[in-house]
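The values are calculated or read from the model by the stated rules, or taken from the named source; none is laboratory data. No experiment lies behind these values; they were computed from the predicted model shown. Here the Cβ positions follow ideal geometry from the backbone for every residue, glycine too, while neighbour counts run over all protein chains shown.
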Amino acid sequence: GMCSKLPEVKPESSPAAPAQEPRPSFRPPGCTPSNLDKKMLVWAGRFKSAEQIPETVSYETIDNARNKIRVKAAYAMMALTIGACVVMVIMGKKAAGRNESLTAYNLEKKAKWREEIDKEKTQ
């Protein structure tokens, strides 16, 4: 048939080669994190310090850390937006209490421009 038994090949070891630890034939998939990835892993709370991060980290771990940072940044942006809105409402109410409005401001500005134009025409 189609199948044939192949003879077993024994690996030759050279007597001059130093004894090395057997290397694993399968390495788990991962990547070497960059400095920014290390900071994100620490900020996300995955590791306590950059020294504790191993040489290779799985893609899922880095992706999870990026997602946590992304969510934290989104929450911070939402909080800043809401805070800015509250500040603007408070400033608007204070300006309304002083009888300041954009309409009055624009009318005053246009009146000054008209006075300047009239002064230039009379000179």
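Observations on the model:
- Filter result (assigned to a helix (DSSP H, G or I) and either in contact with a helix residue (DSSP H, G or I) (Cβ under 8 Å, 6 or more places away or on another chain) or surrounded by 10 or more Cβ atoms within 10 Å (Cβ to Cβ) (or both)) within the stretch 41-62: Leu41, Val42, Trp43, Ala50, Gln52, Tyr59, Glu60, Thr61, Ile62
- Test: residue in the stretch 21-31 that is surrounded by 10 or more Cβ atoms within 10 Å (Cβ to Cβ) and at pLDDT 90 or above: no
- Residue check, Ala96 surrounded by 10 or more Cβ atoms within 10 Å (Cβ to Cβ), more than 41 Å from the chain's Cα centre (by Cα) and modelled with pLDDT under 90: no
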